[in-house]
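The values are calculated or read from the model by the stated rules, or taken from the named source; none is laboratory data. Keep in mind it's a predicted model, so treat the numbers as computed, not measured. Note that each Cβ is placed from the backbone with ideal geometry, even for glycine, and that neighbours are counted across all protein chains shown. Just the protein is used for accessible areas: all its heavy atoms, side chains included, with ligands, DNA and RNA removed. Shrake-Rupley method; radii C 1.70, N 1.55, O 1.52, S 1.80 Å.
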Amino acid sequence: MEGDYRKYSEESGICLPKNFSVSQIFGKALSAKEINRPMLQAALTLRKKGFTTGIFTNNYLDDSTQRGHLAQLMGELRPHFDFLIESCRIGMAKPDPQIYRFMLDTLKASPNEVVFLDDVGANLKPARDLGVVTILARNTNTALQELEKVTGMQLLEAAAPLPTPCKPSDMSHG
């Protein structure tokens, strides 16, 4: 992987520092990844109500020492979704328009039946160009509010009601 990135940068006229390591960058990014619990809860709610759900992610063949973290993350998430589409397994990556057609074929859905969330704006455009409803998911609450509007489902946790205050007249002790 390192060699490919160095070759690509040289062909593009980009001079990388000698100590540059794409593996280290990916390793740090992967080790920082955690499950977005509110987003997972929303997906579970939608699935329970009959919506088909899936994970559609750009994952790369990883032979680093951190590869177990990504595998564990995918393993934890997979049972909660109908589909898991990983770019490294199908030979395409977002934002290649072909991968969105692959997603629609896998879901057996028309573009107007799909809502696609991604935290990278450039990944949304090809899906939107196909007629898929897209939501930028950089901020969880904002994305879930938009998803609520599109699906008509309550997905954000309602605030817990405040406890009823005690009335002095109802007190038996002082």
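Is it true that Ser110 is at pLDDT below 95 and farther than 22 Å from Leu156 by Cα?
no
When only residues in the stretch 98-111 that are buried (at least 17 other Cβ atoms within 10 Å of the Cβ) and of a type in the set (A, V, I, L, M) count, which is nearest to Thr52 (Cα to Cα)?
Only one residue fits best here, namely Leu107.
How about the stretch 112-144: which of its residues are over 18 Å from Thr57 (Cα atoms), of a type outside the set (A, V, I, L, M, F, W, C) and open to solvent by less than 50 Å² (accessible area, probe 1.4 Å)?
Residue satisfying the conditions is Gly131 alone.
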